[in-house]
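Undergrad: Quick one: the structure is below, and I'll ask about it shortly.
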Amino acid sequence: MSKDLHWLSATKLTKLFKAKKASPVDAAKASLAQIAAHDGKINAMSLVDERTTLAMARASERRWLKGTAMGPLDGVPLLIKDILLVKGWPTLRGSKTVSRDQSWEHDAPSVARLREAGCVFVGMTTTPEYGWKGVTDSPLTGITRNPWDIAKTPGGSSGGSSAGLAAGYAPLALGTDGGGSIRIPAAFAGVYGLKPSFGRVPAWPLSPFGTVAHIGPMTRHVEDAALMMDEIAKPDARDWHSMPYDAVDYAHKLKRDVKDMVFAYSPKLGFDVAVEEDVARLVKQAVASLRKAGAKVVEVDPGFKDPAATFRTVWWLGVRGAFGHLSEEKLALLDPALRDVVEQSKAISIDEMIAATKARGELGSFMRQFMEKYDALLTPTMPITAFEAGQLQPGAADPQGKWVNWTPFTYPFNLTQQPAASVPVGLARNGLPVGLHIVGRMFEDRKVLRISAAVEKLTKRAVHFPPGY
């Protein structure tokens, strides 16, 4: 039994724990064994602490045996992105500029809530430096690879989390998303990822990328993400941006039909973007399944121009804030492409910053009005499947654009702060996963999960993990 536990959902695991057919210790050992067997080639883990993991698992086991389990996530293995603080573990943010030799006394709010829920921390997952780009490699940890094809990237910046989920390291992971960093890797690695409405999940300390940066769940099953949201959306006074807590039960009545819903379907967002044939086909099929299930689908572009320049200004200013003060000695430790962005960021004027802030506000207002007619906007998550690992971007894209150019569907909705998710909808003919992007109305995170669950069911996705694991 234990050799299969690492593939089970959180819901199935806790049913076994309750029935005393398996224990959290069994599940933790299965996760650790999977990491030991495969991470040498995938490189998804930046830290594994077997001693702490097993101690947490044994504590959970005692609670289940006494009938005092903390809830539906007690004893479930969890991966945590190396961006979020974890008490007792160094959070190096994928960077050689962060010293290990300091006190690590705090949990980030999302980490604290999952610790309180009884999750078993398996380890920390790889990220590019401070999550700055849409692939996962760094001078600190090297290249992270996609379990579907280790020559390919799992995306980023939460690529360690997506790769770990796809390889069966754990059923739950935490990611961060400042321009697609949950949804890009979810699409590339064939897992589920939700970027909640900004402020829904408290964050502390605030990301250097400010109010485009979100924290959210990554899982293999939508229901598990809903269970995570039940915990990580709880309040934390350290985040002055966070929304008032509304005590929503995200998992309650999750699997309802979508007959009462109206969707906007935009194959290209109205942009001049080349979408791979298989991506377009699988996304279109998933949208058709929603229509067959009784939803109304209107093919329409929202009507805004590509906000890449606005996003780039916002993002590059975050880079300046994080790294612009570093000494020459520290700058030399950075990813060379990141150092290039640091230099680019110094040319941004106050007028350009003000103009970007204004343009962002106009886009947010535009989308609030557009979404009044629709329950969700549906697009591909990515226009392409995963490309070669170790590259900053696919092909010969504009080097000034960095990763913004090749992920046109994700970053607009960091600017608007709307909830958005990527749901796996099948494999392209090259054997790599494809994701459907679901963008919800602001604050309607629960509805995005509900639509995601419907897509998961309607597409009858049978393959939850790549062969050979």
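Undergrad: In region 315-330, what residues are out of contact with any Phe, Trp or Tyr (no Cβ under 7 Å at 6 or more places or on another chain) and either touching a residue at least 12 places away in the same chain (Cβ under 8 Å) or closer than 15 Å to Lys96 by Cα (or both)?
TA: Across region 315-330, the qualifying residues are Trp316, Leu317, Arg320, Gly321, Phe323, Gly324, Leu326, Ser327, Glu328, Glu329, Lys330.
Undergrad: Could you please find all residues in region 170-197 being crowded, with 24+ Cβ neighbours inside 10 Å and over 9 Å from the mean Cα position of the chain (by Cα)?
TA: Ala170, Pro171, Leu172, Gly178, Gly179, Ala187, Phe188, Ala189, Gly190, Val191, Pro196
Undergrad: Restricting to region 323-349, count the residues that are of a type outside the set (S, T, N, Q) and within 27 Å of the chain's Cα centre (by Cα).
TA: Total meeting the criteria: 12.
Undergrad: Oh, and also: Which ones in region 377-391 are more than 14 Å from Thr407 (Cα to Cα) and either surrounded by 24 or more Cβ atoms within 10 Å (Cβ to Cβ) or touching a strand residue (DSSP E or B) at 6+ places or on another chain (Cβ under 6 Å) (or both)?
TA: Residues satisfying the conditions are Leu377, Leu378, Ala389, Gly390.
Undergrad: Same structure, new question: Could you list all residues from region 159-176 that are assigned to a loop (DSSP other than H, G, I, E, B) and among the hydroxyl-bearing types (Ser, Thr, Tyr)?
TA: Selection gives Tyr169 alone.
Undergrad: Additional query: Considering (1) in a helix (DSSP H, G or I); (2) touching a helix residue (DSSP H, G or I) at 6+ places or on another chain (Cβ under 6 Å), say which one Pro208 fails and leave the rest.
TA: If we test Pro208 against (1) in a helix (DSSP H, G or I); (2) touching a helix residue (DSSP H, G or I) at 6+ places or on another chain (Cβ under 6 Å), just (1) comes out false.
Undergrad: Of the residues that make up region 16-34, is at least one β-branched (Val, Ile, Thr), in contact (Cβ under 8 Å) with a residue 40 or more places away in the chain and in a helix (DSSP H, G or I)?
TA: no
Undergrad: While we're looking at this one, here's another question. Does region 135-158 contain any residue that is surrounded by 24 or more Cβ atoms within 10 Å (Cβ to Cβ) and within 21 Å of Leu227 (Cα to Cα)?
TA: Within region 135-158 (the criterion being surrounded by 24 or more Cβ atoms within 10 Å (Cβ to Cβ) and within 21 Å of Leu227 (Cα to Cα)), the answer is yes, since at least one residue qualifies.
Undergrad: Consider Arg461 carefully, then state whether it is assigned to a loop (DSSP other than H, G, I, E, B) and modelled with pLDDT of 95 or more.
TA: No, not satisfied.
Undergrad: Here are Pro267, Pro196, Pro202, Pro208: which of them is in contact (Cβ under 8 Å) with a residue 24 or more places away in the chain and touching a strand residue (DSSP E or B) at 6+ places or on another chain (Cβ under 6 Å)?
TA: Just one listed residue meets the conditions, Pro196.
Undergrad: Same structure, new question: Quick check on region 136-158: of everything there that is assigned to a strand (DSSP E or B) and in contact with a Ser or Thr (Cβ under 9 Å, 6 or more places away or on another chain), which residue is farthest from Ile184 (Cα to Cα)?
TA: Filtering region 136-158 for residues that are assigned to a strand (DSSP E or B) and in contact with a Ser or Thr (Cβ under 9 Å, 6 or more places away or on another chain), the one farthest from Ile184 (Cα to Cα) comes out as Gly142.
Undergrad: Is it the case that Ser60 is crowded, with 21+ Cβ neighbours inside 10 Å, small (Gly, Ala, Ser) and over 30 Å from Asp335 (Cβ atoms)?
TA: yes
Undergrad: Has region 235-251 got at least one residue that is part of a loop (DSSP other than H, G, I, E, B), at positive phi and among the hydrophobic types (A, V, I, L, M, F, W, C)?
TA: yes
Undergrad: Can you tell me which residue within region 356-405, out of those that are among the aromatic types (Phe, Trp, Tyr) and under 25 Å from Leu427 (Cβ atoms), is modelled with the highest pLDDT?
TA: Among residues in region 356-405 that are among the aromatic types (Phe, Trp, Tyr) and under 25 Å from Leu427 (Cβ atoms), the one modelled with the highest pLDDT is Phe387.
Undergrad: Just give me the residues in region 82-102 being of a type in the set (Val, Ile, Thr), over 12 Å from Arg115 (Cβ atoms) and either surrounded by fewer than 17 Cβ atoms within 10 Å (Cβ to Cβ) or free of Cβ contacts under 8 Å to residues at least 40 places away in the same chain (or both), in sequence order.
TA: Thr91, Val98
Undergrad: Could I ask something else about it? Any residue in region 232-251 that is closer than 11 Å to Ser197 by Cβ and surrounded by 15 or more Cβ atoms within 10 Å (Cβ to Cβ) sitting within a Cβ distance under 8 Å of a residue that is modelled with pLDDT of 95 or more and hydroxyl-bearing (Ser, Thr, Tyr)? List the pairs, counting only those 6 or more apart or interchain.
TA: Listed pairs, sorted by first residue: Ala233/Tyr245; Ala233/Tyr250; Met243/Ser197.
Undergrad: Let me ask you something else. Scan Leu78, Leu73 and give me the residue that is farther than 14 Å from Ser162 by Cα, surrounded by 24 or more Cβ atoms within 10 Å (Cβ to Cβ), in contact with a helix residue (DSSP H, G or I) (Cβ under 9 Å, 6 or more places away or on another chain) and among the aliphatic types (A, V, I, L, M).
TA: Leu73
Undergrad: Given the options Val297, Val341, name the one that is surrounded by 12 or more Cβ atoms within 10 Å (Cβ to Cβ) and outside any helix (DSSP H, G or I).
TA: Val297
Undergrad: Hey, could you check region 354-388 for residues that are among the hydrophobic types (A, V, I, L, M, F, W, C) and in a loop (DSSP other than H, G, I, E, B) and say which is farthest from Ala151 (Cα to Cα)?
TA: Met382
The values are calculated or read from the model by the stated rules, or taken from the named source; none is laboratory data. Note that the coordinates shown come from a computational prediction; the quantities given were computed from them, not determined experimentally. For neighbour counting, all protein chains shown are included, and Cβ atoms are generated from backbone atoms with ideal geometry for every residue, glycine included.
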